[in-house]
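Heads up, the thing below is written out as structure tokens.
All of the numbers you see were taken from the coordinates with simple rules; none came from a lab. Quick caveat: nothing in here was measured; it's all calculated off a predicted structure. Cβ sites come from the backbone with ideal geometry, for glycine too, and all protein chains shown count toward neighbours.
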Amino acid sequence: MKILKELQEIKLVIVEMEVNLGKEKRKGLTLCAKDKNGYYPLNTAHDGRPVLMNRENLIKFK
């Protein structure tokens, strides 16, 4: 395994996120990578499972 490059514009942040689980809403802390486009969750808010960083998971700024 080798590192190809370090992304300078990415910042790691912890956010409080609200998710819908059926009819129930839950809040939880989530580790995210943040860039100029928005937030990429790196774990799920409801149970902490890892999530791959990809554009499909982007949460845009409001």
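Couple of notes before you dig in:
- The gain in end-to-end length when the Ile10 to Lys23 segment is fully stretched comes to 1.3 nm, 0.36 nm per residue minus the alpha carbon separation.
- Each residue of the range 28-42 is assigned a 3J(HN,Hα), and the resulting list reads x, 7, 9, 7, 10, 9, 10, 9, 5, 8, x, 10, 10, x, 10 Hz, derived from the Karplus form 6.51 cos²θ - 1.76 cosθ + 1.60 (θ = phi - 60°), x at Gly and Pro.
- When each of the peptides 21-34, 1-14 is scored by how many other beta carbons lie within 10 Å of its residues on average, the order from highest to lowest is 21-34, 1-14.
- For the range 9-62, the Cα-based Rg and Dmax, in that order, read 11.0, 37 Å.
- Non-local Lys pairs in the chain, i.e. 8 or more apart or on different chains, that have alpha carbons under 28 Å apart: 25
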